Every structure is written in C-alpha cells, then in structure tokens.
Amino acid sequence: MKKYPAVRYASLALCLSLLVGQAFAQAQPAKEYQPSEGQEGKDVVWVPTPQALVDKMLDMAKVTPKDYVIDLGSGDGRTVITAAKRGSRAHGIEYNPDMVELSKRNAKKEGVADKATFAKADLFESDFSQAQVITMFLLPSINIKLRPKILDLKPGTRIVSNSFDMEDWKADETATASGCDDWCTAYLWIVPAKVGGTWKLPQGDLNLKQTFQMLSGTLKSGKVSTPISGKVTGDQITFTAGNTRYTGRVNGNTMDGTTKGGSGPKWSASRVGS
C-alpha cells in the first residue's frame, strides 16, 4: 500500500516535465524554412540561378519599369526580386508553398514587396498572358510542353531561359554570363506575329510559310514567282524578294512598311481570307 503515493508522485513529476517541455518548445521561435539545392519539386528539382545570370537574363530581355515580368518556377524569388529592384512589376509562380512564403519574406527584406508578388500555382494552369517578359529555369521537356502556350502570347513578348532551349525553335539571342561557374547560359526568344498564309500586295500575292520566326515563300506577280526569305521579330517583319528588301510592321490582318532599308517606296498588304 505504501507504493501508491510514490507512483502518484512519479506520474505527477512526469506530467509536469512534459508540460514544461511543451511550454519551452512553444516559446522557441519557429525556424525559418531554408531550401536545399537539388530538392525535389513538382516538375523539376530546385537549383538556384546564379545572380550573374539573373542580371544577364534581365539585360537580354531589356527589362524596364514599364514591363510586367513573370518568372515560371520562381524558387526563392531572386529573379522576381531583381526585376522589382529595376522598377518593374514582377510576379513569381511557384508550386512549393514553403518557397512562396520564403520569397515573400525575401522581397520584404529587400524592400520590394510592393512590386514583387508570388503565388502558389501550377505553371500549366496559370495565365501569364499579361507579361511583357517571361523568365524561366525549367527542363527542356517542360519548355517544349509550354511552347504552344508561349507562341500564343502577344507578339513581342520576350522569353528568357536559363540553360535550356526550345529545340527547333532557335533562340533569337544566346549569351553567357561572366563571373559565373555553373548554369551560365541564357537564351532569348521574341514571340513572333503569326504571318503564315497568303497576303495581297499591289505587286502581287505574297505566300508566306512560317517556321517560328523564320519565313520562306514566294512573291507572285503575274506569271513571275520570286522566292522570298525573311524573319519576324515580334510584330516587325523583314523579307527579301529578288533585289528588293521589305521591312514593316504586322498589325493583325494587315502589314505595311517601306522597301530598301526604310527609305524606299512604301508597301502594304492584307491577309487573304481575313
């Protein structure tokens, strides 16, 4: 019978110990989340873009305060934050909620929380049609999966990728960042206007075949058919037919411009069947 009080005292001591331990744990500040390089994500593992390449990518895209920049797979937020420091509105799309909260904290620390925003979202379900600049560090397979959606963006939208290209859609520009050891190459594409098809010019029918930004086809005047080659950069078009060089601007189903380096006769065209 004398053992019971001892058991009760031991139980009471254990309870008190647990309560003290719990209170102590609650009193400790929560440790902030810190990502680790190579950690698994939804579609890719996380590897941070070197700051030198972040700067190079934004330089290539000629980012200005007038631009809205969207980073696909924004990680710790460094690209979005750097764009915001340049005066741009910038937004990061990231699937990992811990990364999203970390990015928000980083933006606040850098004093750009008013311009740098982040959302937990799936890239393939997100709308980024309002961006003037899109940045990304994704695998080639993800780039290709996103490519049709990117090509439907407004002509002139600038796309910059860290290290990975878009296969047969060749980049308009490639550059390497100095002061960088790994992941140092950036690719730039400018979304081209869609000009494939037949256009009516005063000189005849312009038949254009478009492969991304590159053009081929013929300019047919009467019975004479002259091969053409050219390029579309955003809404700007350039092509050569014989000895004549045409430069101009595409505006939906019409385009117009000048010949011979911009100082020659003006020309205009309308899409057949529009």
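Mind jotting down the distance between the C-alpha centroids of segment 219-257 and segment 100-164, whole Å? What the calculation gives is 33 Å, centre to centre.
Taking 22 Å as the limit for the C-alpha separation, the pairs LYS200/LYS260; LYS209/LYS231; LYS56/LYS85; LYS85/LYS231; LYS66/LYS154; LYS149/LYS170 exceed it in the case of LYS85/LYS231. Take the Cα of LYS200, go 7 Å toward its beta carbon, and the backbone nitrogen atoms of segment 231-274 under 16 Å from that spot belong to 253-256, 268-274.
A probe of 1.4 angstrom, applied to the heavy atoms of all protein chains, finds LEU208 with accessible area near 10 square angstrom.
For segment 189-204, putting each phi into the Karplus relation 6.51 cos²θ - 1.76 cosθ + 1.60 with θ = phi - 60° gives couplings of 10, 10, 4, x, 5, 8, 10, x, x, 10, 10, 9, 10, x, 6, x Hz, in residue order, rounded to whole numbers and with x for Gly and Pro.
Annotation: LEU123 carries an accessible surface of approximately 20 Å², with a 1.4 Å probe and no ligand, DNA or RNA atoms counted.
Annotation note: chymotrypsin sites (Phe, Trp or Tyr not before Pro) in segment 124-176 located in DSSP loop regions with a Cβ neighbour count of at most 12 within 10 Å are absent. Charge tally around PRO155: other residues with Cβ under 9 Å, Lys/Arg +1 each, Asp/Glu -1 each, net +1. List the residues of segment 93-116 whose backbone N lies under 20 Å from a point placed 7 Å from the Cα of LYS31 along the Cα-to-Cβ direction. Residues passing the 20 Å test: 97-103, 105-106. At the residue level, GLU110 shows approximately 90 square angstrom of accessible surface with a 1.4 angstrom probe and all protein chains present. Quote the FRET efficiency, to the nearest 0.05, computed for VAL272 versus ALA121 with a Förster distance R0 of 41 Å and r equal to the Cβ-Cβ distance. With a Förster radius of 41 Å, E is 0.50.
The values are calculated or read from the model by the stated rules, or taken from the named source; none is laboratory data. Bear in mind that the values here come from a model prediction, so they are computed numbers and not experimental data. Reconstructed Cβ throughout: ideal geometry from the backbone, glycine too, with neighbour counts over all protein chains shown. When the accessible area is computed, the model is the full protein with side chains, heavy atoms only, and any ligands, DNA or RNA have been set aside. Shrake-Rupley method; radii C 1.70, N 1.55, O 1.52, S 1.80 Å.
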